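First comes the structure, then the notes that go with it.
Values in this text are rule-based calculations from the coordinates and carry no lab data. Every value quoted in this text rests on a predicted model; they were computed, and no experiment measured them. Using ideal geometry, Cβ is built from the backbone for each residue, glycine included, and neighbour counts are taken over all protein chains shown.
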Amino acid sequence: VQQRVILCFFSFLAIINAYTMRLCLDLSLNRIVLDCKEEHVDQKKTKENWILDLAVAINQTAFLLSSRLAAGKEEKLKPQLAQHQQQQQQLVPIPHTTGEWHSPTGISCAELWSRQSQSLVIISFYAGYMLTHIPGGRLAERYGGKWILGSAILLAAILTLLTPSAVRVGGPSALVAIRLLIGLCEGPTFPAVSAMLAQWVPEQERGFLGSCVLSGGEIGITLLQLVSGLVMAEQDWPVAFYVVGGGAVIWFAGFAMICYSKPDNCPYIKSEEKDYIKSQVSDTLICSAQDGNAMVTIPPPPWRSMLLSTPVWALISASMQHDWSRLELSQELQDVLQELKAQGSTMWDEVVASLTLTAPHIGNWVASLSTGSLSDFLISEGILSRTQTRRLMSWLVFFCGSMYMVYVKANFGQIWSCLAVGAYYAGIKLLPLDMSPNYAGTLMGLSNGLGSLPNLLMPYLKELEEQYAIVGSIRVALWLICASYISGDVQSYNQLGTHTPIAN
């Protein structure tokens, strides 16, 4: 088997793992809240309450003495003291065995897991996710994407395995913290994958192999929905985290042994394949980590030229709109399963519902392979240039997305959505590899990192779009502008200039 295919396969699995760990909590949050509602409030005080008990006792004593001095009669104070003691007891927080705080009057978990708390839990991942995109891309370009990607997935997997314990021990606040850490760990995933694809994937195969890898999230969503459907049917939500986290750990073991950042570093690759890859990647790409007897370092990216580039901002805007259009993804399965549970359905009914919801995502992935292959054909046969092909795919996203909105209630409406998503991966998502092979990680960090901004502002954007119809028109206009200004040509800032040799 060709080593570039193996590298793409493991990168594809990395994207799957990243998506399953990202969305696992989103699909399980309702079940967590329901479990919390069903728990009995533990009235037993623990050793940690001695400070609160002491404070209450001192407060009650002070109240008793002051009342006696004021009234002069103990009998008149008994009703007041009883009322005051009752008020004090209502204010005493007592830890529950799961780490949540309950009052003796029984504050429900629904109040602790309010809508605000649940929204904070969901967006906390994206707050961390956005921060490490660009640093992850730069590290992957400088030191190779293998260990940056491997470390990102492994750390996220460990935190995912710890998530059920964090929920039981610390409640919402602990969950927010651990989701923030998972987001920080997963941020470098796409930039590191892009940096490796720039080294391994020939230009004439970029559409097919690149689309296959970068659209792996669609398969990740499919697998997670199937697992969540089975787990929710059994009402054992922690199992989903153990399955997802355990799978990512197993992936890391195989990835670390077989994959390498660049073809020159791989001991398993044949010389014929290595020469073929070098002859087919961009002429401006640094393929080897060594140049003679000296190490070649990639200088920092020219930020000024990059940030003043119109195609870069067209890429960022298109990425933001794609994420915005898929905000309600994680809510679909929860709503369907909760409705089925309310109707007293069987586990088989819930599994069938999960399969029905996952079918479009499989269609999205197949469509990405088809449009990616079409892109390679158009470019290799000289029918269209690379920029024209990418713009064609962008227009296809707009057209198919519009047709889906028109026929959303028809049986064939979902086909348009699949074509739109597939064309997005074969067009917009490949642009960092096209525009700057040497800085593909940085460009992916910019586009995918800022593209995740709608996920961070999700509650506000949904409300904004519901209140103001003009928001949809603005989005359409922005997409048309993006489709007109994106570029698949290698940009001027990709040139490295002078390289700094470092003696071995």
Original post:
Which shape class applies to the stretch 156-227: rounded if a/c is under 1.5, otherwise prolate when a/b exceeds b/c and oblate if not, where a ≥ b ≥ c are the square roots of the Cα gyration tensor eigenvalues?
Top reply: prolate
**OP:** Evaluate E = 1/(1 + (r/R0)^6) for Ser385 and Ser119, where r is the Cβ-Cβ distance and R0 equals 30 Å; express this FRET efficiency to the nearest 0.05.
**Re:** 0.10
Original post:
So how much slack lies between Gln2 and Gln204, counting 0.36 nm per residue of separation and subtracting their Cα-Cα distance, in nm?
Top reply: 71.1 nm
Subject >> Under the Karplus curve 6.51 cos²θ - 1.76 cosθ + 1.60, θ = phi - 60°, whole-Hz ³J(HN,Hα) for the stretch 197-202, x wherever Gly or Pro sits >> reply: 5, 4, 8, 9, 9, x
Original post:
R0 = 51 Å: FRET efficiency of Tyr143 with Val366, Cβ-based, nearest 0.05?
Top reply: 0.90
Original post:
Any idea what the alpha-carbon Rg over 2.2 N^0.38 Å comes to for the stretch 170-271?
Top reply: 1.37
